[in-house]
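Heads up, the thing below is written out as structure tokens.
The values are calculated or read from the model by the stated rules, or taken from the named source; none is laboratory data. Given the structure is predicted, the values throughout are model-derived calculations rather than measurements. For neighbour counting, all protein chains shown are included, and Cβ atoms are generated from backbone atoms with ideal geometry for every residue, glycine included. Areas reflect the complete protein model, heavy atoms only, side chains present, ligands, DNA and RNA absent. Shrake-Rupley method; radii C 1.70, N 1.55, O 1.52, S 1.80 Å.
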Amino acid sequence: MLHSPIKHCKNCGVAVVYRIPDDGDTRERAVCPSCSTIHYENPLNVVGTVPYWGDKVLLCKRNIEPRKGKWTLPAGFLELGESTAQGAARETDEEAGAQIELEGLFTIISVARVGQVHLFYRAKLLSDQFAPGTETMEAQLYAEHEIPWDEIAFRTVKETLERYFADRKAGRYQVHDVDLV
């Protein structure tokens, strides 16, 4: 189980204690002994797209750690004040410089061991021209048989790509809810 070490109350600055709150909660939380604020720690959301052009998908070669030099779908952390769809579109622009038409939510992947939820949308590319940002070495279109499967950066990306190509072959896309352990 992940446990982020909150040390001080965000409201008053007093050192917190970890205990089960007196409000009926059943989980240990960071509680301020001075102002009684309960600090909840929640998973981070990673949002991205499966950008496609015909029978190919767009992959980005990472220029940052973790897994620098490996291939991924354009994705990153959701920012405060944006919807998951807005975040996915922003990340696709930032990482690949790709113009897209966002389609439906495609995968929801819970990665509880690292405290993350990954959400990928299908996205139709409006052009086959890309302008990768600083986080990306290169952006390239791949047909399924061309994908460097052994060089995929993250399991969530591999799971999403496998489901995308399976749905494409079946001629019907669905939303996939996956728990990775």
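Output the residues belonging to region 116-136 that are open to solvent by less than 30 Å² (accessible area, probe 1.4 Å) and of a type in the set (Ser, Thr, Tyr).
Tyr121, Thr136
Within region 137-162, take every residue that is in a helix (DSSP H, G or I) and touching a Ser or Thr at 6+ places or on another chain (Cβ under 6 Å) and give me the one that is surrounded by the fewest Cβ atoms within 10 Å (Cβ to Cβ).
Val157
This table checks each residue for (1) at pLDDT 95 or above; (2) not aliphatic (A, V, I, L, M).
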residue: Lys61; (1), (2): yes, yes
residue: Gly81; (1), (2): yes, yes
residue: Ala85; (1), (2): yes, no
residue: Arg113; (1), (2): no, yes
residue: Val117; (1), (2): yes, no
residue: Tyr121; (1), (2): yes, yes
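Search region 42-59 for residues that are over 18 Å from Glu159 (Cα atoms) and pair each with any residue that is among the β-branched types (Val, Ile, Thr) when their beta-carbon atoms are under 9 Å apart and the residues are at least 6 apart or on different chains.
Every condition considered, the pairs that remain are Pro43/Val111; Pro43/Val114; Pro43/Val117; Leu44/Val114; Leu44/Val117.
Quick check: anything in region 63-82 buried (at least 17 other Cβ atoms within 10 Å of the Cβ), closer than 23 Å to Phe165 by Cα and charged (D, E, K, R)?
Checking region 63-82: at least one residue is buried (at least 17 other Cβ atoms within 10 Å of the Cβ), closer than 23 Å to Phe165 by Cα and charged (D, E, K, R).
Quick one: which residue in Cys35, Cys9 is open to solvent by less than 30 Å² (accessible area, probe 1.4 Å) and touching a residue at least 12 places away in the same chain (Cβ under 8 Å)?
None of the others qualify; the one that does is Cys9.
Looking at region 87-100, is at least one residue part of a strand (DSSP E or B), in contact with a Gly (Cβ under 7 Å, 6 or more places away or on another chain) and open to solvent by less than 50 Å² (accessible area, probe 1.4 Å)?
Within region 87-100 (the criterion being part of a strand (DSSP E or B), in contact with a Gly (Cβ under 7 Å, 6 or more places away or on another chain) and open to solvent by less than 50 Å² (accessible area, probe 1.4 Å)), the answer is no, since none of the residues qualifies.
Confirm whether Arg113 is in contact (Cβ under 8 Å) with a residue 12 or more places away in the chain, assigned to a loop (DSSP other than H, G, I, E, B) and loosely packed, with under 15 Cβ neighbours inside 10 Å.
no
Answer yes or no as to whether Gly54 is at pLDDT 95 or above, small (Gly, Ala, Ser) and open to solvent by less than 40 Å² (accessible area, probe 1.4 Å).
Spelling it out, it is not the case that Gly54 is at pLDDT 95 or above, small (Gly, Ala, Ser) and open to solvent by less than 40 Å² (accessible area, probe 1.4 Å).
Against the condition at pLDDT 95 or above, under 20 Å from the mean Cα position of the chain (by Cα) and small (Gly, Ala, Ser), how does Ala143 come out, does it pass?
no
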